[in-house]
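Chemist: If you scroll down you'll find the structure; I have some questions about it.
Coordinate-derived values only; no laboratory data. Because the structure is a prediction, the values reported are computed rather than measured. Positions of Cβ are generated from backbone atoms using ideal geometry, with glycine treated the same way; all protein chains shown enter the neighbour counts.
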Amino acid sequence: FAMGGSTENSAYGPTKNPHSLFRVSGGSSGGSVAAVAYHGCLAALGSDTGGSVREPSSFCGVVGLKPTYGSVSRHGLMAMGSSLDVIGPIAKTVEDAEIIFNVIKGNDPMDSTTLSDSLINNSKKENSSPNDQNSSSQISSTKKMTIGVVPELMNKGGIDPEVLKNFNENVEALKKAGHNIVEVSLPNISYSLAIYYILMPAEVSSNMARFDGMKFGSRVEGDNLLGDYVNTRGELLGKEVRRRIILGTYVLSSGYADEYYYKAQEVRKLIALDFKNAFEKVDAIITPTAPMPAFKLGEKSNDPLQMYLADIFTVTANLAGSPAISVPSGKVTITDPDGSIANLPLGIQITAPHCREDILFTLGKEIEGKL
Ligand code: GLN
């Protein structure tokens, strides 16, 4: 059901990281990402509700794109958080991700939340980049961009020192390549993880209601109708799924909805506005994709809050609907418990205005070329 950032909640067991079998592949699309990383396939698709394409891509050293909300049909996708979910490609290069995105994007009459094709394809004209001389032209790879770094996210602490070092090296490299790096404020961004973990469970609790063992899904019989529901949902749904259903039901329940769900909706609007304002000043925003490299299997499974913190940089794009990409940005060498040396990949995340995936591809290719 696409929950969690480590693929340890999978009904089929955890997916190990191809770069170190002691470590998680990230999640929730860790299986698809690991398959691409160990060259089991050329590319894969994943759904990204709060980072499930980008975070595992960062942990396994591949490219993961979360497209603009509404630019790819979700017809046939199992819904997690309907206002956040989007399908995106996982690939070995930015160019491959771009090719796949161009194939899967577009309006679909079977998914009424998809945007019009003119928005998806021609928005470069409507939504010009602040530093574009000629807004209708595609940004060429030689064009110098203004790239924002967010102090509210970077100065907060909690980021692994190796991740921070690698991020700063990439910032320097982008500067050297002629791009203009500026600080850009997203005043409400520090609420994003809390907001995500209110809105997402609310939507999960509603989307998961169909798995009642009656019309949908398997059934574990009880003594009566209520017993059927209780047994089915209690026994067949995993712990993380049940946790989110309970959390979501709580924040939506009468008496608490105003305090949590509706308040979170208001703050979400402010976060989206923060991004809109920031993109008046910059072409793109960069952050690390995750605050740490791939962690050890079991390291966070008993501490949901620690697990949720891994999503600090990724949930923002889902809340704002913006496109974001994770591109491999370097490696960190670690010693595994058996004494072997592993080179764990790190990722850099680029976020752009709605329907400006072209900016992600241009900058992503540049970052890719430097390594
Ligand atoms: N780690 C996030 C979560 O657990 C990502 C989920 C997703 O994008 N499907 O909610």
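Chemist: Treating only the Cβ atoms of Lys and Arg (+1) and Asp and Glu (-1) as charged, compute the dipole magnitude of region 230-329 about its Cα centre; round to the nearest 20 debye. Could the numbers behind the result be given before it?
Modeler: Details: 12 positive and 11 negative charges, 46 e Å.
Charge dipole of region 230-329: 220 debye, to the nearest 20.
Chemist: Among rounded, prolate and oblate, which fits region 278-371 when a ≥ b ≥ c are the square roots of the eigenvalues of its C-alpha gyration tensor, a/c under 1.5 means rounded, and a/b larger than b/c means prolate? Please report the intermediate quantities before stating the final value.
Modeler: Working: a/c = 3.71, a/b = 1.53, b/c = 2.43.
Here region 278-371 falls in the oblate category.
Chemist: So, one more: Averaging sequence separations of C-alpha pairs under 8 Å and six or more residues apart, then dividing by the length of the chain, give the relative contact order as a whole percent. Could the numbers behind the result be given before it?
Modeler: Working: 789 pairs, mean separation 89.2, N = 371.
About 24 percent, as a whole number.
Chemist: In nanometres, what is the gap between the two model label sites at residue 173 and residue 303, each 7 Å from Cα along Cα-to-Cβ?
Modeler: So the two model labels end up 3.1 nm from each other.
Chemist: Still on this structure: Near residue 227, within a Cβ-to-Cβ distance under 14 Å, what is the net charge of the other residues, with Lys and Arg +1 and Asp and Glu -1?
Modeler: -3
Chemist: What does the net charge come to around residue 148 if you take all other residues with beta carbon closer than 12 Å to its beta carbon, with K and R at +1 and D and E at -1? Don't jump to the answer; show the numbers that get you there.
Modeler: On the way: positive: 281; negative: 152, 183, 274, 280, 283.
Charge balance near residue 148 sits at -4.
Chemist: Turning to a different aspect of this structure: Arrange the peptides 83-90, 143-150, 106-113 so that the one whose residues have, on average, the most other Cβ atoms within 10 Å appears first. Write down the numbers at each step before the final one.
Modeler: Working: 83-90: 24.4, 143-150: 19.2, 106-113: 12.4.
Taking the mean over residues of other Cβ atoms within 10 Å, the ranking is 83-90, 143-150, 106-113.
Chemist: Could you work out how far helix 94-104 tilts from the main Cα principal axis of the chain, as a 0 to 90 degree angle to the nearest 10?
Modeler: On a 0 to 90 degree scale, this one is about 60.
Chemist: Note down the nm distance, to one decimal, between modelled labels 7 Å out along Cα→Cβ at residue 224 and at residue 190.
Modeler: A separation of 5.2 nm, rounded to one decimal place.
Chemist: Please give the FRET efficiency for residue 265 paired with residue 181, using the beta carbon to beta carbon distance and R0 = 30 Å, rounded to the nearest 0.05. Working shown, then result.
Modeler: Values: r = 33 Å, r/R0 = 1.11.
Efficiency, from the Cβ-Cβ distance: 0.35.
Chemist: In debye, nearest 20, what is the charge dipole magnitude of the chain about its Cα centre with +1 on Lys and Arg Cβ and -1 on Asp and Glu Cβ, if you could check? Show your work: numbers first, answer last.
Modeler: Numbers: 34 positive and 40 negative charges, 70 e Å.
So the dipole magnitude of the chain works out to roughly 340 debye.
Chemist: Right, next: Estimate the FRET efficiency between residue 243 and residue 113 by the formula 1/(1 + (r/R0)^6), using the beta-carbon distance for r and 41 Å for R0, to the nearest 0.05. Intermediate values should be presented prior to the final figure.
Modeler: Values: r = 27 Å, r/R0 = 0.65.
With R0 = 41 Å, the Cβ-Cβ based efficiency is 0.95.
Chemist: Compute the distance from the alpha-carbon center of region 12-77 to that of region 274-330, in whole Å.
Modeler: 14
Chemist: Between region 337-371 and region 147-197, what is the C-alpha centre distance in whole Å?
Modeler: 14
Chemist: Compare the peptides 93-100, 234-241 by average per-residue count of other Cβ atoms within 10 angstrom and give them in order, highest first. It would help to have the intermediate numbers written out before the result.
Modeler: Numbers: 93-100: 19.4, 234-241: 14.4.
Final packing ranking: 93-100, 234-241.
Chemist: What are the ³J(HN,Hα) couplings of region 28-41, residue after residue, when phi is run through the Karplus curve with 6.51, -1.76, 1.60 and θ = phi - 60°? Round to Hz, x for glycine and proline.
Modeler: Computed from phi, the couplings for region 28-41 are 8, 7, x, x, 5, 5, 4, 4, 5, 5, 8, 6, x, 7 Hz.
Chemist: Filter the chymotrypsin sites (Phe, Trp or Tyr not before Pro) in region 189-223 to those in DSSP coil with at most 13 other Cβ atoms within 10 Å of their Cβ, and list the result. Don't skip to the answer; put the middle values down first.
Modeler: Working: sites: 191, 196, 197, 211, 216; in loops: 211, 216.
Taking region 189-223 and a limit of 13 other Cβ atoms within 10 Å, the loop chymotrypsin sites (Phe, Trp or Tyr not before Pro) found are 216.
Chemist: Can I ask one more? Working out 0.36 nm times the residue gap between residue 250 and residue 83, then minus their Cα-Cα distance, what length gain in nm do you get to one decimal? Don't jump to the answer; show the numbers that get you there.
Modeler: Details: separation 167, 0.36 × 167 = 60.12 nm, distance 1.88 nm.
In short, 58.2 nm is gained.
Chemist: Take the alpha carbon gyration tensor of region 3-116, find the square roots of its eigenvalues, order them as a ≥ b ≥ c, and report rounded if a/c is under 1.5; if not, report prolate when a/b exceeds b/c, else oblate. List each step's numbers first, then the result.
Modeler: Values: a/c = 2.50, a/b = 1.52, b/c = 1.64.
Oblate shape, in that a/c is at least 1.5 and b/c is the bigger or equal ratio.
Chemist: Report, in listed order, any pair from 269/331; 156/263; 175/300; 156/276; 16/66; 66/165 with a Cα-Cα distance greater than 32 Å.
Modeler: Details: 269/331 36 Å; 156/263 24 Å; 175/300 36 Å; 156/276 22 Å; 16/66 23 Å; 66/165 25 Å.
Long pairs (Cα-Cα over 32 Å): 269/331; 175/300.
Chemist: Would you mind counting up the charge near residue 292? Only other residues with Cβ under 15 Å from its Cβ, with Lys and Arg at +1 and Asp and Glu at -1.
Modeler: Net charge around residue 292: +1.
Chemist: Checking a compactness column here: for region 176-310, what do you get for Rg(Cα) / (2.2 N^0.38 Å), N being the number of residues? Present the calculation step by step, with values, prior to reporting the outcome.
Modeler: On the way: Rg = 20.1 Å, N = 135, 2.2 N^0.38 = 14.2 Å.
Against the empirical 2.2 N^0.38 Å value, I get 1.41 for region 176-310.
Chemist: Would you mind checking which residues have amide H under 5 Å from residue 348's amide H? H placed 1.01 Å from N; only 5 or more apart, or other chain.
Modeler: Answer set, sorted by chain and number: 289, 327, 329.
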